[in-house]
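Taking it in order: structure first as structure tokens, then the write-up.
The values are calculated or read from the model by the stated rules, or taken from the named source; none is laboratory data. Please read these numbers as outputs of a predicted model, since none were measured by experiment. No Cβ is skipped: glycine too gets one built from the backbone with ideal geometry, and neighbour counts run over all protein chains shown. What goes into the accessible areas is simple: the full protein's heavy atoms, side chains included, and nothing from ligands, DNA or RNA. Shrake-Rupley method; radii C 1.70, N 1.55, O 1.52, S 1.80 Å.
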Amino acid sequence: MTPKIVLEPTEELLTIDECRLHLRVDPLEIDSDDVGTHPDDDLIMALQAAARQHCENFLGLSLAPYTYEIALGEFPTDDDGAIDLPMGPVTSIVSITVGVESDALMDPADYLLDDFSVPNRLLPVSGTWPTPAASTNNIRIIYTAGYELDSSDGPVAPRTIVQAIKLLLADWYAHREDVDMKLENIPNGAQALLRPHRIRLGMA
């Protein structure tokens with residue numbers, strides 16, 4: 001199941017200063033606020049965002065904060081009613097609505113987030129979900145997921161993943177006119193750092 005993106009990340013894992021430091025790019029201009037800039041700053045941040053998204057696709061994880069929505073025709077009745085929530089780590093359940101017009105809001109006391117399972121799962125507290133009439137996209141689940149930029153707000157991306165993003169950034173910046181975006185062509189060093197965190201089932 002591929003979730004629908006409701007809100008994209010508004011900030012990146014790496015700042016422009018961290019990216020420049022890794023790339024050994026020094027600011028060429030200093031403004032009145034003593035802030036350095038470089039003509040390639042926009043390019044560097046665009047490549048960093050692309051590298052982050054590339055790693056997300058490879059891993060099946062969200063590396064920056066997203067809000068997602070998934071839709072079901074009916075609640076599952078097997079496996080304790082568990083609903084897999086793709087592109088974790090899931091940080092919160094925003095809402096579950098049921099009905100053709102998605103107008104019936106479920107009480108948060110009736111469901112719980114299992115964030116120990118991988119992928120994270122949503123479970124009914126009573127052991128069974130309600131049984132509304134089956135209909136296309138009858139049930140809408142909105143949730144937030146991703147690693148946080150500040151450790152005080154939630155889980156922070158593992159350093160090995162951040163380093164893989166830096167390796168991709170450096171490779172793409174050095175070969176910016178000939179970037180191969182295929183997942184299988186992630187540089188070996190970055191793959192080695194990412195693979196232990198990969199949760200896409202059935203993939204090498």
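Values for this structure:
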| read-out | value |
| --- | --- |
| Pairs where the first residue, in the stretch 111-131, is touching a residue at least 60 places away in the same chain (Cβ under 8 Å) and the second is part of a loop (DSSP other than H, G, I, E, B) and open to solvent by 30 Å² or more (accessible area, probe 1.4 Å), C-beta under 8 Å, 6+ apart | V118/I199; P119/I199 |
| Pick from the stretch 1-60, criterion among the charged types (D, E, K, R) and under 20 Å from the mean Cα position of the chain (by Cα), ranking: modelled with the lowest pLDDT | E11 |
| Flag if S126 is part of a loop (DSSP other than H, G, I, E, B), surrounded by fewer than 16 Cβ atoms within 10 Å (Cβ to Cβ) and of a type in the set (S, T, N, Q) | yes |
| Hey, I83 touching a helix residue (DSSP H, G or I) at 6+ places or on another chain (Cβ under 9 Å), over 20 Å from A64 (Cβ atoms) and crowded, with 20+ Cβ neighbours inside 10 Å or not | no |
| Unique match (being at negative phi, touching a residue at least 40 places away in the same chain (Cβ under 8 Å) and charged (D, E, K, R)) among E29, E11 | E11 |
| Single residue of Y147, Y111 found to be surrounded by 14 or more Cβ atoms within 10 Å (Cβ to Cβ), more than 30 Å from L21 (Cβ to Cβ) and of a type in the set (S, T, Y) | Y111 |
| Residue within the stretch 90-103 that is within 17 Å of T2 (Cα to Cα), in contact with a Pro (Cβ under 8 Å, 6 or more places away or on another chain) and not in a strand (DSSP E or B) present | no |
| Candidate set from the stretch 1-51 (those that are touching an Asp or Glu at 6+ places or on another chain (Cβ under 8 Å) and assigned to a loop (DSSP other than H, G, I, E, B)); member that is surrounded by the fewest Cβ atoms within 10 Å (Cβ to Cβ) | M1 |
| Filter pass, R195 being modelled with pLDDT of 85 or more, more than 15 Å from the chain's Cα centre (by Cα), surrounded by 14 or more Cβ atoms within 10 Å (Cβ to Cβ) and among the basic types (K, R) | yes |
